[in-house]
1. Where does the charge balance sit around B:F51 when Lys and Arg score +1, Asp and Glu -1, over other residues with C-beta under 13 Å from its C-beta?
2. What order, most packed first, do the peptides C:118-124, A:237-243 have when packing is the mean number of other Cβ atoms within 10 Å of each residue?
3. How crowded by other chains is B:291-303, given as the mean number of beta carbons from other chains within 10 Å of each beta carbon?
4. About the Cα centre, and with charges only on the beta carbon of Lys, Arg (+1) and Asp, Glu (-1), how big is the dipole of region A:2-120? Nearest 20 debye, please.
5. First select every other residue whose beta carbon is under 12 angstrom from the beta carbon of C:G176; then total the charges, Lys and Arg +1, Asp and Glu -1.
6. Sequence neighbours fewer than 8 away in the same chain don't count; with that in mind, list the lysines whose C-alpha is under 16 Å from A:K165.
7. Compute the angle between helix A:237-253 and the longest alpha-carbon principal axis of chain A, please, reported from 0 to 90 degrees and rounded to the nearest 10.
8. How would you rank B:E67, B:E209, going from fewest to most other Cβ atoms within 10 Å of each one's own Cβ?
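Bear in mind that the values in this text are calculations on the coordinates, not laboratory data. Quick caveat: nothing in here was measured; it's all calculated off a predicted structure. Cβ: placed from backbone, ideal geometry, glycine included. Neighbour counts: every protein chain shown.
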Amino acid sequence: MDIIVCIKQSYDVQQLKFDPKTGEPMLAGAPRKMSDMDRRALEEALKIKENLGGTVKTVTVGPPESRDVVKEIYAMGADEAFVVTDLKLDKADPDLTAKIIVETIKKIRNFDLILAGAASTDDYSWQIPAKVAALLDLPFFPNAVSMTVDGGLVVESDLGDAIYKYKAPLPSVVSVSLEINEPRIPTLSAILKASRKQFMDFYLQDLGLGVVTELEVRKVVMPKVERKNVVVEATDPSKMEDGIKKILDELRKENVI
Amino acid sequence: MEIMVYSENEKLFKELVTAASHLNASRITSAVIGSKEDAEKAAKYTDKVLFVDSSELGEYKPKEYVEALCNIVKGSDPQVLLVGGTHKGNALAAMLSVKLGEPSVTEVSDLKITEEGLMVLRSAFGGVAVAEVRVGKKVFTKVASPKIACVKPGFFAPAEESKNGEIEKISVDVKSSTEVLEIKKKETGAGLEDADVVVVAGRGVKKKEDLSLIEDLAKALGGVVGVTRPLSADLHWAPTWVGMSGIAVKPKLYVGVGVSGQIQHIAGIRNSKVIMAVNTDPNAPIFEHADYGIVGDLYQVVPKLIEMLKS
Amino acid sequence: MERVLEYPKDPVITFSKEEELFRQMVREFCEKHIEPNWIEVDKAAEKDPMNNMPVDLIKKMGQQGLFCIPCSEEYGGQGGTYTMATIATEEVAYADPSVALAVYALLNNGWPFALELFGNEEICQEILPEVAKGNAFFGIASTEPQGGSDVAGIRTTATKKGDVYVFNGEKAYISGVGEVQRLSWGGGWFLVARTGGPGHQGLSAFAFLARKNGELGKGWNPTIYEDIGRHGLTTGGFIMNDFELEAKYLLGEENKGFYHVMEGFNLARIVVAAATIGAARWLLEKAVEWFRSRKLFGRNISSFQGVSFKFAELYARWEAARYFVYRASRLADKVYMEKDPSLNPKDLNVPVALAKNYGPETCVDLAEEVMKWYGAYAFTKEAPIFRAWLGPFSYVIGAEGAQNIMRVIIARDLIGKEFIR
């Protein structure tokens with residue numbers, strides 16, 4: 001089975017720092033890593049390949065630093081990585097990113113299945129896999145918690161109120177949730193072998209596209225955390241009751257109990 | 001200006017109606033993909049209902065439902081389409097936007113219309129920050145070409161019945177290559193979104209049986225119990241969790257018991273009036289986000305809390 | 001987990017993209033498997049070191065390729081550099097500051113590599129793949145009850161009888177005595193015994209397998225000690241009573257074992273120091289977290305300069321220790337991986353002694369200060385800090401080379417052997 005996986009190199013939100021004065025994110029040089037849900041998508045693709053044979057190719061779109069994610073992509077075991085970069089792609093919106101992914105997929109040409117994380121773990125737009133499907137006029141299955149390829153493709157999508165089990169035609173686009181699997185952690189020897197591998201490196205202009213976006217982000221701020229931070233120690237059993245009483249009194253004053 | 005609203009979720013639909021009226025819509029229409037009864041319910045909230053009978057369409061399948069939604073939009077002339085921000089809604093919005101050639105934005109918590117067009121506030125970086133976004137460079141011009149915004153549940157009050165809208169049936173002719181094999185309903189999270197008091201169990205709670213202790217605390221406080229993501233997604237102690245990509249709560253009182261306070265969880269509790277935490281680790285991040293904190297062993301503190309609440 | 005301290009960006013200590021990705025992957029593994037469990041492991045193993053040994057974790061670490069990192073891939077190793085073994089050890093210690101698992105990892109990187117340096121093809125093929133998988137332990141057995149630092153005074157004898165060596169004697173304070181008994185394949189040690197005359201020129205080194213393929217050798221009688229810390233790794237002793245080992249397990253040349261084990265010690269000491277800087281990093285983060293949350297007399301505890309200045313001094317020492325560690329590991333790579341002709345193994349003596357001397361002491365001094373900053377809470381077993389104090393303390397007391405021996409090595413090399421007699 002020939003699978004294409006869309007993989008984004010996201011900001012590592014856990015490590016993201018915000019300017020204490022302005023509340024704005026300090027993105028310059030902020031650590032990045034493979035988006036967690038995309039990693040699950042790659043793992044799912046690799047598992048299918050291990051069962052059925054075929055190839056796993058990846059498409060990555062982003063600013064030049066995005067190339068760094070290829071090492072991990074190859075360390076996990078993908079066959080070929082395609083990367084499209086441009087300095088301005090940090091400002092891309094979901095429509096643009098989806099268009100670029102689709103142009104790259106058209107270069108790859110043959111595929112049976114397209115996988116992607118349900119959302120990137122920095123932007124969380126939850127849109128790109130669906131847009132890729134719409135642009136390619138393919139069926140789309142969101143937020144898969146399980147997938148089996150056995151004669152046909154069966155996808156279980158967690159749609160909030162219920163889990164929908166679909167029999168999906170091929171080719172289709174499936175986005176995966178964090179719950180779908182536990183991705184492998186590549187060993188050092190896999191990393192070392194991967195570092196010798198080449199990848200397909202494109203500039204955005206090679207695809208004849210420019211950075212044109214409809215969504216314009218005006219401002220991003222972290223709202224100030226203004227909480228009272230009244231903390232009592234209750235590790236010492238003799239002091240526990242006093243501490244708890246103090247808190248309960250405050251809660252009563254706040255009128256929440 | 002006409003604003004159309006769509007959500008498969010009844011409560012969220014009512015919230016969207018409120019959001020639409022905040023945008024000073026002169027006319028609010030609703031898209032319904034469901035039964036005639038669903039259309040009649042929607043007619044009580046909006047000026048007009050355009051509905052596709054889901055018995056002609058089958059159960060939710062993104063590609064096919066987008067066709068239906070597209071026909072509905074083309075059957076009217078909305079400048080803005082508000083979609084309920086669920087997995088189902090987000091998928092439809094994303095695909096519809098491609099079909100219409102209009103932008104779609106998700107995770108929206110607030111909206112307004114200015115001379116520049118539709119401006120929204122959306123969650124950024126998974127809920128850690130808020131972004132102000134202009135939706136679409138071109139201001140409203142084309143017919144039946146709405147900007148699309150997916151609104152998060154719980155940010156607008158549900159609208160009251162006030163209208164007697166006209167109902168129009170829209171036809172759709174879709175051949176599907178997808179089969180719905182099974183639909184397994186999930187138990188919903190015990191009314192967490194609306195609860196006044198929410199007590200959440202985190203990793204500090206060691207065994208599933210210990211959740212009964214948390215339930216006792218919730219009962220003593222007059223609230224409901226939730227869990228953090230690891231307890232639901234990894235340990236399967238509950239069907240859903242409180243946090244980003246789970247349920248967002250906005251109670252008067254939130255109590256985190258054995259909750260460390262990862263950003264993803266905080267994103268789901270940020271709008272609580274009062275946040276209280278019980279944790280054995282004085283360095284747990286949750287204490288930064290809490291109004292009141294108790295550093296101690298939950299297995300000793302919680303029983304004491306219950307005892308002192310009852311007296 | 002949110003990192004409180006940034007890993008310093010550095011023009012002097014640089015890592016390749018592969019090394020950085022590797023560090024990230026090791027950290028991910030540690031966050032998932034080691035960080036959530038290390039305290040429980042320490043507690044459980046304290047009660048019963050033999051039965052509560054973290055065998056599952058060891059197996060997982062093996063599957064993740066955290067052992068035998070510098071060993072050849074043909075022997076099941078990762079084919080990496082010594083620096084990569086150092087990175088892995090540092091990260092494991094950062095996740096488990098009791099350093100039990102970090103020491104398991106460092107021993108099973110350093111000594112298998114030494115085995116590969118001095119052992120023949122057959123025994124490498126037999127032993128190393130099992131160590132790599134986490135099925136066998138391979139550490140160091142040099143110390144004896146009458147002395148550790150005086151390696152030349154070793155009394156255990158290995159007498160050649162036909163095609164076996166017969167061992168008689170006793171080893172004490174040896175890591176892994178329990179692991180060798182419990183892991184599925186078994187394992188043993190890089191063991192030094194007397195094959196010739198007195199002094200350092202009569203010693204040989206062996207791949208001493210107390211248990212292989214699940215079977216205990218005859219005449220090997222172990223005891224397990226009750227350690228005061230670092231419980232997740234067993235310490236013990238064993239008596240050899242006419243224990244027979246085939247001659248093929250001789251490492252390097254007969255009667256040259258003293259020199260071979262000194263090379264091995266140099267390698268092991270680098271990763272020992274790496275473990276202590278990993279644990280120290282955990283301690284620094286605990287300190288910063290505490291400073292940011294703890295208020296006394298209406299102000300943050302770190303607003304008292306007596307506290308913040310001490311922190312700054314200890315941070316400086318940590319950075320310095322880090323330099324010693326990676327400088328030593330890069331030098332080891334030059335000697336053993338790149339086989340730089342201008343260098344020989346003895347060039348590692350002083351750089352390694354500096355790292356091994358400086359790292360553990362910095363870590364322990366830091367641990368003591370952190371406990372003082374935490375106050376009474378740190379005195380309870382509920383607080384994890386004391387575990388990060390006791391584990392590294394074993395290296396200040398003298399494991400893998402006494403601190404004062406490190407000083408002797410430095411002094412002797414710089415001042416001259418004749419002038420310090």
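1. Net local charge, B:F51 excluded: -4.
2. Numbers: C:118-124: 17.7, A:237-243: 13.6.
Packing proxy ranking, top to bottom: C:118-124, A:237-243.
3. Numbers: counts 11, 13, 10, 11, 8, 11, 5, 1, 0, 4, 7, 1, 0.
Mean shielding by partner chains, rounded to a whole number: 6.
4. Using Cβ point charges on Lys, Arg, Asp and Glu, region A:2-120 gives about 120 debye.
5. On the way: positive: C:K171, C:R182, C:R211; negative: C:E179.
Within the 12 Å Cβ shell, the charges total +2.
6. Once the sequence-local lysines are set aside, what remains near A:K165 is B:K61, B:K63, B:K88, B:K184, B:K185, B:K186.
7. So the helix axis and the longest Cα principal axis differ by about 80 degrees.
8. In order of increasing Cβ crowding within 10 Å: B:E209, B:E67.
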